[in-house]
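> Handing you a structure now.
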Amino acid sequence: MAHEVTFIPGDGTGPELAEATRRVLEATGVEFEWDEQPAGEDVYADEGNPFPDRTLGSIKRTKVGIKGPTTTPVGSGFRSINVQLRKELDLYACIRPCKAYPGVRTRFPETDIVIVRENTEDLYAGIEFENGSDEVKKLAKFLGEELDSPVRDDAGISIKPISVFGSERIVEAAFDYAEKNGRGKVTAAHKANIMKFSDGLFLEVARKVAEKHPEVEFEDRIIDNLCNQLVSRPEEYDVIVLPNLYGDIVSDLGAGMIGGLGLAPGGNIGTEAAMFEATHGSAPKYKGQNKVNPTALMLSGVLMLRHVEEIPAADKMEAAIAEVIRKGEKVTYDLKPTRDDPSAVGTSEFADAVIEEMNS
Ligand code: NAD
C-alpha cells in the first residue's frame, strides 16, 4: 500500500532540494501518495499566510511529512514555520544523525553520532521578559523580597523550564531510537552541577529511564566536557540526548564535524506526527540555481523511510548516497576540494547519480 506523505517544498532552494529528494525516494520502489502543500515566503506573498491551515491539516491527517527549508524573515514578517509546526504538532523530539561518510572532507572522519534534542522546553519555551518591563520589575521584586534571590535592576529574564514529563519522553525517544537502530549507548548531556533543579532533574530522570533499558549502555556528560570530547574522541559517542538549547548547539557542531550543513539530516517526531527536514535553512542566495547539495534532505528522506518501516529501501537509498559521495565525481560544489571546482554537478544531477547508483 502506498504511504501517504505530506510534501512541503518550502521556499528559497527548498523546492529544488525537495524535488530531487522526491525523485530519489520514488526510485527506491516504495510507493508514495504525495499530498503537496505550501509553506513559507512564496505562499505568504500569495495568500498573506506562510503556513495555511490546509498544510497543517494535511500533516495531521497523513501523520508524516517531508519538508524543504523555509525562510524566516528577520525582525518583521512572520514567525518561524518550523517553530509553529513543532508547537502545533507537539513534535517534541528532534533526531539529527551526524555521520561522516567516506569521501567527505572532515577533520573528524570517525564521527557517527545521533543527536536527540528536546524540542519544547528549556530556554526555548519563549518565557522571556524584557529589561525595564513591568514584568521584570514584578519578577525582580518577587525574587528579591520573597525568595532572597535578587537580580540586577537592568536585567532581562529568560526562564528555563525542564519538566519530568518532557525529560522522560525525550530520553525514552533516545533509547527507542537506539534500540530500533542497533545502537549500543545513550549519553545524556547536561550542566547538572550548576543548574541543579532543571538540568539536575533532566539527569535524574534520564538515569531512571536508563534503568528500564539495561541492554543499552548509559552514561552522562557535562555539556562543556562533551563538546571537548566530541572533537577529540568522537568515536566514543553514539546516541546523545540533550535538553533543547544544548541540543541546538551540539547539532550544528555535529554538522560541522561531518563536513557541513549540506550533509546534516533531521526528523522532528511527536506522538501524533513526524516531519523530516534538513538541519540547514533555505540558502536563499542560491535559489533557482540548481546548485546546492540535496544530501541533507535526502538523508532526512532515509529517516522517513525508517520511520514508516521501509527498512530495506532506507538502507538502499543511504548506501547509494554514500557511494556517490565516496566516488566524489557527481557531487555538488560543497563536496569538491574547492568551491569553484568546474566538475561540480547541480542538485538535480546529484539526484540522477544517486538513482543510477541504486539501479546499478
Ligand atoms: P542556511 O542554512 O540557509 O545557509 C547558510 C549557508 O550554508 C548557505 O549560504 C550555504 O553556503 C550553506 N548551505 C546551506 N545549505 C546548503 C546545502 N544544502 N548545500 C550546500 N550549502 C549549503 O542558513 P541561513 O542563511 O542562516 O538561513 C537562511 C534562511 O533559512 C533563514 O530565513 C533561516 O531562518 C531559515 N532556516 C530555515 C530552517 C528550516 O526551514 N528548517 C532551518 C534553518 C534556517
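> Distance between Cα centroids, region 132-190 to region 13-91: provide it in whole Å.
29
> For the chain, what is the accessible area per residue in Å² when the probe is 1.4 Å?
With the other protein chains kept in place, the chain gives 46 Å² per residue.
> To continue, here is another question. Ranked highest first by average number of other Cβ atoms within 10 Å, how do 99-109, 294-304 line up?
294-304, 99-109
> Next question, about the same structure. For the peptides 8-19, 165-176, what is the packing order when you average, over each peptide's residues, the other Cβ atoms within 10 Å and list the highest mean first?
Ranking, from highest mean packing down: 8-19, 165-176.
> For region 145-248, what is the largest minus smallest coordinate of the Cα atoms on each principal axis, given in angstrom and ordered from greatest to least?
Here the spans come out as 52, 31, 19 Å, largest first.
> Another question, if that's okay. Could you sort out which of Lys67/Lys212; Lys160/Lys287; Lys67/Lys327; Lys63/Lys196; Lys63/Lys138 sit more than 31 Å apart by Cα distance in this structure?
Lys67/Lys212; Lys160/Lys287; Lys63/Lys196; Lys63/Lys138
> Just the Cα atoms of the chain: what Rg and Dmax do they give in Å?
My reading of the Cα-based Rg and Dmax gives 21.2, 73 Å.
> Using packing as a proxy for protection, rank 43-56, 128-141 so that the peptide with the highest average count of other Cβ atoms within 10 Å comes first. Can you show the working numbers first?
Working: 43-56: 15.6, 128-141: 13.3.
Peptide ranking by packing, descending: 43-56, 128-141.
> Okay, helix-only estimate at 222 nm for the chain: each DSSP H run of n ≥ 4 adds -39500 (n - 2.57), divide by all residues, round to 500 deg cm²/dmol; what do you get?
Computed ellipticity for the chain at 222 nm equals -12500 deg cm²/dmol.
The values are calculated or read from the model by the stated rules, or taken from the named source; none is laboratory data. All figures in this text were calculated on a predicted structure; none of them were measured in a lab. FYI the Cβ positions are ideal-geometry reconstructions off the backbone, even for glycines, and counts take in every protein chain you see. Keep in mind that these areas ignore ligands, DNA and RNA; they rest on the heavy atoms of the full protein, side chains included. Shrake-Rupley method; radii C 1.70, N 1.55, O 1.52, S 1.80 Å.
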